[in-house]
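> My structure is below; once you've seen it, I'll send some questions.
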Amino acid sequence: MKLLEFSNGAAGSTLQNAKSRIVAGIPFKILRPVFLFFLSGMLTSTFVWSIEVTLGPSLTMDPNGVTPLAGVVELTTDVPVRVTLTISDGSDSWVREFAAFQTGHYLPVLGLKPDNSYSIEVIVTDQADASLVLAPLLPAVTDPLPGDFPNINVLLSDPSRMEPGFTLLDKFTRGKPATPDATLPRYTIIVDNAGDVVWYSTLGANTTLQLPNGNLFYLDGNLLEIDLLGNEKQSVALGAGQLHHDLFPTTNGTLLGLTRETVVVAGFPTSYTNPDAPTQTANIEDSPVVEFLSDGSLLNTWKLTDILDPTRIGFNSLDSRPSGFDWAHANAVLYDPRDDSIIVSVRHQDAVVKFSRSTGNLEWILGNHDNWPPEFQPFLLTPVGAPFEWQYHQHAQMITPSGTLLLFDNGNYRASPFDGRALIPDNENYSRAVEYAIDEETMEVRQIWEYGAHIDQSYYSPSQGDADWMKNTGNVLITSSATAWLGGVASKSLDMGRWHTRIIEVDHNTPAEKVFEIAVFNMNRNAEIRSYRSERIPDLYPLDIDADGVPDYQDNCVHEPNGALIPDAGGNSQADTDNDGLGDACDPYPGSVDGDGDGLVDGADGVVPVAVYSGIDANGDGFVDGEQDFGTSATNADSDSDGFIDGLEVYFNSNPTLQTDTPATGDVNEDGVVNLIDVLLVTRHILGPPLLDVDQLIRADVAPVNGLGIPTPDGTVTAGDLVRIQRMALGL
C-alpha cells in the first residue's frame, strides 16, 4: 500500500485524491493526512493515522428469503466513511453512491436481473476525500425466475418518450393450473423501461404502494411495510376492520381506506330488469370510508349508505357476498386538500362520489343519471360537450395537476338496470382511461381526453384497473388488469390465460400514441393473471435530491445539503435548534419557537426580539412577527393549502392565507416582472449545469397548475416550467 501523495506548490500543499489499492486481506487500511501546517516556501509537516475496515465487506443475497434479486453489502470501519458500489455483469455497469459518512454500513444492492452473474466493487472514501478500493470484488449470482413466474412480453418500449423510472406491479394471481382447487402464487414485480425484471418479491398483495422512503406498503386486509430487502419495518393490525382495495395518505398525516360493514335495508330490489318486482329486506355490504393513523387508530368513518340511496342498484349490486348483497363495492378513495373533501369510486353504482370530510355531506355524483331518486338529482353532474361517455364499474380515480379527474373506466355492460338498453357483449366491449373536467359552480362535467374507445386493438378488463398521470411527461400509465378480451378475441384464445394484464403508457395527445406496452400472462387457459395496479416509481432507492447522504423523507432540508458529517460542515448539520422540523441550514427562523414548522413564530407579535432570532419584523416594532400578525393557523403549516408553508410565503412576500398568491411567480431574478431574462435563466438551468439557487428554484417552479390555474409545484424545474414562464413573459 502506498502513502497518499501530496505536493508543495506556490500556494501551499495540495492533497491529491489518490486511490490506494490493495490486493487482498482484512483489515484494510489507508494512511491519510489529517493535519497540515503549511506556509509558502516553508517545510510542510504531516501527521497520519489509519482507517480500518473492521468487518467485511460481505455480500448476502436475498437476506430474508423473499427478494431473490436483491442483496446487501455490509461493512464496518473505525471512522466515518461514505461508500460507493460499482456493479457490473461484464457488459453493463452502474454506480450507486451512499453519501452518508458512517462507520456501520448496510447497503442494498438493487437492480440485478435474473439468471446473471455480477461483480461488485466497494470503494470507501474518508472525510478528506481520500478513497480506497477494497479487494477482492464481491461476486453476486442470481437464479433464473421461478417456473411459475408469469411471462412478460415487451410489445413496445420507447424510453425517450416514457416517464423515467421503473414500473411496479402489485401482482395478484389466481387460477387452476393443475387441480381444481390449486392456486397460483403471488408476486410483486418491478421492471425497468425495457420490461426486464429487476426486482421481485414472493410477498404478493392486492395493493402495493411505494412510500417516500423507498419501502413498499402492502395492503392485504392489514398493513405491512417492508424494504426492498424484505425487512419488515412495521405491521399494523387495523382496528377499523379488514381494509380492501385502496390506501390513500392525506396531507393531514392520516390514511384513508375502505372497509366492509353489513347494513340491513328494507325495500331492496330483487331484479335488474323489472322495476316493479317485489322488494325485500336484505343484508347489504356497505363500503365505509375510514380515516386512521399509521398505528391503526381509527379517527373517522363515513358510511356510503348514509350518503347514497341504499335501495338504488347497478349491475352486480345483487351479487351475494358473505356479509350481504354487494351493493356498493367501493374500490378507490382519495383526499382533496383544496376543499377538505373525499372522493370515492363506488363500482356497483357506476358512480364516483364526492363528499365533505368535515360534514359528510354529499357534494356531487359523477355517473349516469339512471334510477336516482329525486332528492339526488341536484347532485348529479350534467354532461356537456362532445364526445362524452359515462364510465361504468370504474377504478382508480385521481386528480391531475390541472385539477381534472382521471380514472380507469372498465365499461362493464355500459348500461344500467331498468334503462331498457341492451347490454354490450364482452367481445364487443372495451375499457379505457378517461379524463373529466368538473365545474362545481355549474355542476357540469366535460370529457376532455380518453384512450381505449377508438383504437385499433381495444382491450376489455371486466375487473380492476388503473390510470395514472405521469408528472414529468404528462403521459398516462394504464393498467388493464384482467384483460379478458383483446380486439374482440378472448385472452385464452391468444394463449394468455383467461385473464392477463396489459400495461400501456400513452402520451396525452388526441389521438394518443403508445410509448410503452407489456403483456403479463400465463399460457394456461385457466390462469387468471391480474396486476391490480401498476405505478411508475422514480428509483429503486430513496430519493436524495440534494445528495447530502440523508434521504429526502428524513432530510430536514431537502434542497439544501446538510447531511450528517459533511466535510467542512462542522459536524452534524442536520441540526434543528428550535426543533421545528426545518434544519438550521434552510430555516428562515432557526432559533424561533415554531410549533407547526411553517417558519412563523407561534402566538402574537412581540414574543421574540428580532435582535435575538433575526425573524421578520413587518411593522418595525423590534419583535418577530407571529401567527396572529398574518392571520395564519398556529397548527396548520400551510394555512391556505397552496402547497407552500406559511413562513415560506411570508419570506417571499406572498399572502399565506390567499391560495392564489404563491411564491411561484416566474419572476426568477426578482426584478418585479416576468420577462426574457427569466426565460433565459430557466433555459440555461435546464440545459445545465444548474445555476439557480434555492430561492430562484422556488420562484421558477410554476408548473403544473391546478384547475384554478394556480401553480402546484412538483419540486423540479423542467421544460413544463419553462413553457409556462415563456407564456407569462408574453402575457398569455
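The values are calculated or read from the model by the stated rules, or taken from the named source; none is laboratory data. Given the structure is predicted, the values throughout are model-derived calculations rather than measurements. Backbone-built Cβ (ideal geometry, glycine too); neighbour counts: all protein chains shown.
> Scan segment 316-333 and tell me whether some residue there is free of Cβ contacts under 8 Å to residues at least 24 places away in the same chain, within 23 Å of the chain's Cα centre (by Cα) and in the same structural domain as ALA467 (by TED's automatic domain parsing).
No: zero hits.
> Out of the residues in segment 216-242 meeting the condition of being at pLDDT 85 or above and assigned to a loop (DSSP other than H, G, I, E, B), tell me which one is farthest from PRO150 (Cα to Cα).
So, considering only residues that are at pLDDT 85 or above and assigned to a loop (DSSP other than H, G, I, E, B), the one farthest from PRO150 (Cα to Cα) is ASN231.
> May I pose another question? Could you give every pair whose Cβ atoms fall below 7 Å, whose first residue belongs to segment 188-217 and is farther than 12 Å from ASP539 by Cα, and whose second residue is among the hydroxyl-bearing types (Ser, Thr, Tyr) and surrounded by fewer than 21 Cβ atoms within 10 Å (Cβ to Cβ), counting only separations of at least 6 or pairs across chains?
Note: pairs meeting the criteria are ALA194/SER157; GLY195/SER157.
> Now for a different question. Give the residues of segment 152-193 that are assigned to a loop (DSSP other than H, G, I, E, B), at pLDDT below 65 and under 24 Å from HIS245 (Cβ atoms), sorted by residue number. Before the answer, list the steps.
Taking segment 152-193 first, the residues assigned to a loop (DSSP other than H, G, I, E, B) are 158-165, 175-187, 192-193.
Next cut, at pLDDT below 65 only: 175-184.
Passing the criteria: GLY175, THR183, LEU184.
> Given (1) crowded, with 17+ Cβ neighbours inside 10 Å; (2) assigned to a helix (DSSP H, G or I); (3) modelled with pLDDT of 80 or more, identify the lone condition not met by VAL668.
All conditions are met except number (2).
> Okay, moving on. Of all the strands (runs of 3 or more DSSP E) wholly in segment 365-463, which have at least 1 residues that are acidic (Asp, Glu)?
Values: elements: 382-384, 395-399, 405-409, 432-439, 444-451.
Filter on segment 365-463 gives 405-409, 432-439, 444-451.
> State all residues of segment 136-151 that are in a strand (DSSP E or B) and either touching a residue at least 40 places away in the same chain (Cβ under 8 Å) or within 16 Å of LYS113 (Cα to Cα) (or both); if no residue qualifies, say none.
Step one: filter segment 136-151 for residues in a strand (DSSP E or B), giving 136-142, 151.
Scanning segment 136-151 gives PRO136, LEU138, PRO139, ALA140, VAL141, THR142, ASN151.
> Whether any residue in segment 119-136 is within 22 Å of PRO561 (Cα to Cα), under 29 Å from the mean Cα position of the chain (by Cα) and loosely packed, with under 15 Cβ neighbours inside 10 Å is what I want to check.
No, there is no match, as no residue in segment 119-136 is within 22 Å of PRO561 (Cα to Cα), under 29 Å from the mean Cα position of the chain (by Cα) and loosely packed, with under 15 Cβ neighbours inside 10 Å.
> Still on this structure, please answer the following. Please work out which residue is nearest to THR167 (Cα to Cα), limiting yourself to segment 479-536 and to residues that are in a strand (DSSP E or B) and of a type in the set (Lys, Arg). Steps first, answer last, please.
Restricting attention to segment 479-536, the residues satisfying the condition of being in a strand (DSSP E or B) are 479-483, 485-486, 489-490, 499-506, 514-521, 528-536.
From the residues that got through so far, the ones that are of a type in the set (Lys, Arg) too are 502, 514, 530, 533, 536.
Details: ARG502: 12, LYS514: 16, ARG530: 15, ARG533: 10, ARG536: 5 Å.
Looking at residues that are in a strand (DSSP E or B) and of a type in the set (Lys, Arg), I get ARG536.
> Considering segment 620-651 alone, what residues qualify as being at pLDDT 75 or above, in a loop (DSSP other than H, G, I, E, B) and in contact with a Pro (Cβ under 7 Å, 6 or more places away or on another chain)?
Across segment 620-651, the qualifying residues are SER639, ASP640, SER641, GLY643, PHE644.
> Return the only residue of LEU380, LEU405, LEU423, LEU366 being modelled with pLDDT of 95 or more and surrounded by fewer than 19 Cβ atoms within 10 Å (Cβ to Cβ).
Details: LEU405 fails: surrounded by fewer than 19 Cβ atoms within 10 Å (Cβ to Cβ); LEU423 fails: modelled with pLDDT of 95 or more; LEU366 fails: surrounded by fewer than 19 Cβ atoms within 10 Å (Cβ to Cβ).
Testing whether each residue is modelled with pLDDT of 95 or more and surrounded by fewer than 19 Cβ atoms within 10 Å (Cβ to Cβ) leaves just LEU380.
> Now, a different point. Looking only at segment 84-111, filter to residues that are free of Cβ contacts under 8 Å to residues at least 40 places away in the same chain and not in a strand (DSSP E or B); which one of those is surrounded by the fewest Cβ atoms within 10 Å (Cβ to Cβ)?
Out of the qualifying residues, it is SER91.
Residue-by-condition table, conditions (1) within 19 Å of ASN368 (Cβ to Cβ); (2) in the same structural domain as PHE166 (by TED's automatic domain parsing); (3) at pLDDT 95 or above; (4) crowded, with 16+ Cβ neighbours inside 10 Å:
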{"site": "PHE388", "(1), (2), (3), (4)": "yes, yes, yes, no"}
{"site": "HIS393", "(1), (2), (3), (4)": "yes, yes, yes, yes"}
{"site": "PRO401", "(1), (2), (3), (4)": "no, yes, no, yes"}
{"site": "ASN412", "(1), (2), (3), (4)": "yes, yes, yes, yes"}
{"site": "SER431", "(1), (2), (3), (4)": "yes, yes, yes, yes"}
{"site": "TRP449", "(1), (2), (3), (4)": "no, yes, yes, yes"}
{"site": "ASP466", "(1), (2), (3), (4)": "no, yes, yes, yes"}
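> Assess whether ARG724 counts as being within 26 Å of the chain's Cα centre (by Cα), within 22 Å of SER639 (Cβ to Cβ) and of a type in the set (Lys, Arg). Steps first, please.
Working: within 26 Å of the chain's Cα centre (by Cα): yes; within 22 Å of SER639 (Cβ to Cβ): no; of a type in the set (Lys, Arg): yes.
It is false that ARG724 is within 26 Å of the chain's Cα centre (by Cα), within 22 Å of SER639 (Cβ to Cβ) and of a type in the set (Lys, Arg).
> Could you check, for segment 473-484, whether at least one of its residues is assigned by TED's automatic domain parsing to the domain that holds TYR272, surrounded by fewer than 19 Cβ atoms within 10 Å (Cβ to Cβ) and over 22 Å from ASN151 (Cα atoms)? I'd like the intermediate steps shown before the answer.
Taking segment 473-484 and keeping what is assigned by TED's automatic domain parsing to the domain that holds TYR272, we get 473-484.
Narrowing further to those that are surrounded by fewer than 19 Cβ atoms within 10 Å (Cβ to Cβ): 474.
Now restrict to residues that are over 22 Å from ASN151 (Cα atoms): 474.
Within segment 473-484 (the criterion being assigned by TED's automatic domain parsing to the domain that holds TYR272, surrounded by fewer than 19 Cβ atoms within 10 Å (Cβ to Cβ) and over 22 Å from ASN151 (Cα atoms)), the answer is yes, since at least one residue qualifies.
> Just need a number here: residues in segment 695-717 that are exposed (fewer than 13 other Cβ atoms within 10 Å of the Cβ) and either assigned to a helix (DSSP H, G or I) or not small (Gly, Ala, Ser) (or both).
To start, the set of residues in segment 695-717 that are exposed (fewer than 13 other Cβ atoms within 10 Å of the Cβ) comprises 708-709.
Next, from what is left, pick out any that are either assigned to a helix (DSSP H, G or I) or not small (Gly, Ala, Ser) (or both): 708.
Summing the residues that are exposed (fewer than 13 other Cβ atoms within 10 Å of the Cβ) and either assigned to a helix (DSSP H, G or I) or not small (Gly, Ala, Ser) (or both) in segment 695-717 gives 1.
> Can you tell me how many residues in segment 635-656 are under 15 Å from PRO713 (Cα atoms) and of a type in the set (A, V, I, L, M)?
2
> Oh, and also: Among the residues of segment 263-292, how many are loosely packed, with under 14 Cβ neighbours inside 10 Å and either touching a Lys or Arg at 6+ places or on another chain (Cβ under 9 Å) or of a type outside the set (A, V, I, L, M) (or both)? Write out each step before concluding.
Going through segment 263-292, the residues loosely packed, with under 14 Cβ neighbours inside 10 Å turn out to be 264, 266-267, 270, 273-278, 280-281.
This time we only want the ones that are either touching a Lys or Arg at 6+ places or on another chain (Cβ under 9 Å) or of a type outside the set (A, V, I, L, M) (or both), so: 267, 270, 273-276, 278, 280-281.
Residues in segment 263-292 being loosely packed, with under 14 Cβ neighbours inside 10 Å and either touching a Lys or Arg at 6+ places or on another chain (Cβ under 9 Å) or of a type outside the set (A, V, I, L, M) (or both): 9 in total.
> Okay, moving on. Please enumerate the residues belonging to segment 330-353 that are surrounded by fewer than 22 Cβ atoms within 10 Å (Cβ to Cβ) and not aliphatic (A, V, I, L, M).
Result: TYR335, ASP336, PRO337, ARG338, ASP339, ASP340, SER341.
Quick grid of which residues meet (1) modelled with pLDDT under 90; (2) touching a helix residue (DSSP H, G or I) at 6+ places or on another chain (Cβ under 6 Å); (3) over 17 Å from SER481 (Cα atoms); (4) of a type in the set (A, V, I, L, M):
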position	(1), (2), (3), (4)
ASN509	no, no, yes, no
PHE516	no, no, no, no
VAL520	no, no, no, yes
ALA527	yes, no, no, yes
SER531	yes, no, no, no
GLU535	no, no, no, no
LEU540	no, no, yes, yes
LEU543	yes, no, yes, yes
